[in-house]
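Quick notes on the structure that follows.
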Amino acid sequence: MPRGGARAVSGPAPDPTSLRSSKAMDKGGWRTLPAEGRGEPAPEWPLTTPSDREMELWEDLWAKPQAVAWEDMGQELEVALACRTLAEAERADGRVDVKKMVRGYLDSLGLSVAGMNRNRWKVAPAAEEADAAPAAVAEPVRRPSARDRLKVVPSGEGA
């Protein structure tokens, strides 16, 4: 087992609501994916002849919001391999290695919450939500700063 040092996915996943991440969003660090999904037919299957289940997964995955990013990055092969591995994991009786591969695909393709955060993707609010009246945003409570706590009290006030 390796010792010390950073790992590729060590530490907490990025949080789009954090102050540092919101600065990254201003610089184009986070990508907003359309809530309605890709909206086009799935691309041609890139591997050898697929099973019915693989094609079902293929069609379903290419309708998701993440598919917009996959298309831009040319990830057809990765998505096909994820479909094939997921179909195999459904058939495999407790094969941990196949299930670990599926987990890896889900993360790398942004199909899990951790994967979405790691890829710095977020899904836009659905059209119904966007049209609804915006919820009132509570003003954050300002904690007193060290300077506020150490203000000098003029003589005669505090005694």
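Nothing in this text is a laboratory measurement; each read-out follows from the coordinates by a stated rule. As the structure is a prediction and not an experimental result, all values here were calculated from the model. Glycine also receives a Cβ, built like all others from the backbone with ideal geometry; neighbour counts cover every protein chain displayed.
For R31, which sequence-distant residues (separation of 5 or more, or a different chain) have an amide H within less than 5 Å of its own amide H, given hydrogens modelled in the peptide plane?
Amide H neighbours of R31, under 5 Å, 5+ apart: W121, K122.
Could you give the length gained by full extension between T32 and T49, i.e. 0.36 nm per residue of separation minus their alpha carbon distance, to one decimal place? Mind dumping the intermediate values first?
Working: separation 17, 0.36 × 17 = 6.12 nm, distance 3.37 nm.
Fully extending the segment from T32 to T49 adds 2.7 nm.
Considering only the other residues whose Cβ falls under 12 Å of the Cβ of L47, what net charge follows from Lys and Arg at +1 and Asp and Glu at -1?
Neighbour charge sum, excluding L47 itself: -3.
Around W62, under 10 Å between beta carbons, what's the net of Lys plus Arg minus Asp minus Glu among the other residues? Working shown, then result.
Numbers: positive: R38, K64; negative: E40, E59, D60, E71, E76.
Local net charge: -3.
Can you run phi through the Karplus equation (6.51, -1.76, 1.60; θ = phi - 60°) for the range 42-56 and list ³J(HN,Hα) in whole Hz, with x for Gly and Pro?
4, x, 5, 5, x, 9, 5, 3, x, 7, 4, 5, 4, 5, 4
Which ³J(HN,Hα) values, rounded to whole Hz and listed in residue order, are derived for the range 61-66 from phi using the Karplus coefficients 6.51, -1.76 and 1.60 in 6.51 cos²θ - 1.76 cosθ + 1.60 with θ = phi - 60°, glycine and proline given as x?
Rounded to whole hertz, the list is 5, 6, 8, 7, x, 4.
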